[in-house]
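Peer 1: The structure under discussion is supplied below as structure tokens; questions concerning it will follow.
The values are calculated or read from the model by the stated rules, or taken from the named source; none is laboratory data. The model shown is predicted, which means the values in this text are computed figures rather than measured ones. We place every Cβ from the backbone using ideal geometry, glycine too, and count neighbours over all the protein chains shown. Just so you know, the surface numbers come from the protein's heavy atoms only, side chains and all, with ligands and any DNA or RNA stripped out. Shrake-Rupley method; radii C 1.70, N 1.55, O 1.52, S 1.80 Å.
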Amino acid sequence: VEEEIQLPRLHFTIDEKTGVATIFWNEPKKLNRLTVSLIMELQIVLEQCKRDPRVKALLWTGAGTAFSCGADFGDPSMVVDQEIVEGYNKAGKGSMPIAEGASDIALKGLVMQMMGLEKPSICACNGLAVGGSANFVLLLHDFVLCAPEAKFKYPFTSLGLTPEVGSSFILPAMIGMPAAKKMLMLGDWITAQEVKDVGLVLDVVPQGELLPKARALAERLAASSATIGMQKRVIHGNFWHRAFHLADSMHAEGETIIDAMAQPAFREALKGFAKRAAKSKM
């Protein structure tokens, strides 16, 4: 028995036999861009999967040729009902801005939810992932599989921005400071094999095998979901919450990126972004 749910920018199914929820970033014509509305949908799906006893493991992937082209600075629209947004925020399950009236630019809310998720989470990266989307793929799951076509880029320096989605401390913790600085500061494209070589990815498998292998892994983990949940609770608790002070680190990340967005370098980059977007619509 499979339940199918369609949100404006996410599509997911729950396989009641295996307990695997498969979630697609589902705006392929726009390369599954990361928008404020998509972020809210991710938080809604996460909360539903946490509460639903049928869901034993989560499997994430992108529809089409990309996982996600990253943030769309030109689309601030929210398609989720405002009452739902406010309810999630009030319950501490949505946006977590650094101060009242500010925006959760670093995505503290999403990071806190993902790191508090006790069910296994697997990401199958089918194509490019840029900026915050690269962080979502590489930093917030238990296991990541990639197709050879997957590639990653952190354009923070060219945009006048600082790391977000936990990458200022999660990435250095995972691969070491020099390797993390190379990825975050230089902004070069990074191949699937390169992220495997530094330990961020479990395996690189042919595109046609990506989802079947990721689903098989998800089903294997789902079969021991309760035990793995307890493992994640103590591993994440000791490492991210107690050693790295996750909430405080995310707060500092949010303060810094808001400061960066007030600087001339970002304003100039945003003008260039707007010009390119206008040309693409002509």
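Peer 1: Would you please give the FRET efficiency between ALA265 and ALA243, computed as 1/(1 + (r/R0)^6) with r the Cβ-Cβ distance and R0 = 41 Å, to the nearest 0.05?
Peer 2: Efficiency computed from Cβ-Cβ geometry: 0.80.
Peer 1: I need the Kirkwood Rh of the chain: take the reciprocal of the average 1/r across all distinct C-alpha pairs and report it in angstrom.
Peer 2: About 19.1 Å for the chain.
Peer 1: Which of the chymotrypsin sites (Phe, Trp or Tyr not before Pro) found in segment 111-198 are in a DSSP loop and have at most 10 neighbouring Cβ atoms, other than their own, within 10 Å?
Peer 2: In loop regions of segment 111-198 (DSSP not H, G, I, E or B), there are no sparsely surrounded chymotrypsin sites (Phe, Trp or Tyr not before Pro).
Peer 1: Which order do ILE170, ILE258 take when ranked by solvent-accessible area (1.4 Å probe, heavy atoms of all protein chains), largest first?
Peer 2: ILE258, ILE170
Peer 1: Another question, if that's okay. At SER103 and ASP81, where each label point lies 7 Å from the Cα along Cα→Cβ, what is the point-to-point distance in nanometres?
Peer 2: 2.5
Peer 1: Further question: If each of PHE143 and SER158 carries a label point 7 Å out from its Cα toward its Cβ, how far apart are those two points in nm?
Peer 2: Label at PHE143, label at SER158, 3.4 nm between them.
Peer 1: Something else: Where a ≥ b ≥ c are the square roots of the eigenvalues of the C-alpha gyration tensor, would you call segment 192-262 rounded, which needs a/c under 1.5, or, failing that, prolate if a/b is larger than b/c, or oblate?
Peer 2: Oblate.
Peer 1: Carbon and sulfur atoms: what percent of the 1.4 Å accessible area of the chain do they account for? Write out the running numbers ahead of the final one.
Peer 2: Values: 7650 of 13320 Å².
Taking all protein chains in place, the chain shows 57 percent carbon and sulfur surface.
Peer 1: Answer with one residue from HIS251, LEU138, MET40: the one whose Cα lies farthest towards the positive end of the charge dipole of the chain, charges on Cβ with Lys, Arg +1 and Asp, Glu -1.
Peer 2: The residue sitting farthest along the positive end of the dipole is LEU138.
Peer 1: Of the GluC sites (Glu not before Pro) in segment 1-68, which ones lie in a loop per DSSP and count no more than 15 other C-beta atoms within 10 Å?
Peer 2: Passing sites in segment 1-68 are GLU16.
Peer 1: What distance in nm separates the two pseudo spin-label positions at GLU47 and LYS29, each 7 Å out from Cα along the beta-carbon direction?
Peer 2: If labels sit at GLU47 and LYS29, their model points lie 3.0 nm apart.
Peer 1: Same structure, new question: Applying 1/(1 + (r/R0)^6) with R0 = 22 Å to the Cβ-Cβ distance of PHE73 and ALA252, what FRET efficiency is obtained, to the nearest 0.05?
Peer 2: 0.45
Peer 1: For segment 139-282, rounded, prolate or oblate, judged on the Cα gyration tensor with a ≥ b ≥ c (square roots of eigenvalues), a/c < 1.5 rounded, else prolate if a/b > b/c?
Peer 2: Judged from the Cα gyration tensor, segment 139-282 comes out oblate (a/c at least 1.5, b/c at or above a/b).
Peer 1: I would also like to ask the following. What's the magnitude of the charge dipole for the chain around its Cα centre, counting Lys and Arg as +1 and Asp and Glu as -1 at the beta-carbon? Answer in Debye, nearest 20.
Peer 2: 460
Peer 1: With a 1.4 Å probe and every protein chain left in place, work out the accessible area per residue of segment 68-212 in Å², rounded to a whole number.
Peer 2: So segment 68-212 comes to 41 Å² accessible per residue, rounded to a whole number.
Peer 1: Between TRP189 and GLU3, how high is the FRET efficiency from 1/(1 + (r/R0)^6) when r is the Cβ-Cβ distance and R₀ = 35 Å? Nearest 0.05.
Peer 2: 0.40
Peer 1: Sticking with this structure for a sec: Given the DSSP H assignment, sum -39500 (n - 2.57) over each helix run of at least 4 residues in the chain and divide by its residue total; what's the result at 222 nm in deg cm²/dmol, nearest 500?
Peer 2: Rounded to the nearest 500, it is -13500 deg cm²/dmol.
Peer 1: On to the next question. Given N residues in segment 2-159, what is Rg(Cα) / (2.2 N^0.38 Å)?
Peer 2: 0.99
Peer 1: Oh, and also: With the convex hull built on the Cα atoms of segment 43-91, state its orientation-averaged projected area in nm².
Peer 2: Averaged projected hull area, Cα only: 5.1 nm².
Peer 1: Among the DSSP beta bridges whose two residues both lie in the chain, what percent are antiparallel, rounded to the nearest 5?
Peer 2: On the way: 13 of 33 bridges.
So the antiparallel bridges amount to about 40 percent of the total.
Peer 1: Within the P(r) computed for segment 82-124, what percentage of the Cα pairs occupies the region above 17 Å?
Peer 2: Here the tail beyond 17 Å accounts for 38 percent of pairs.
Peer 1: Count the lysine pairs in segment 178-282 whose Cα atoms sit under 30 Å apart, keeping only pairs 8 or more residues apart in sequence or on different chains.
Peer 2: The result is 13.
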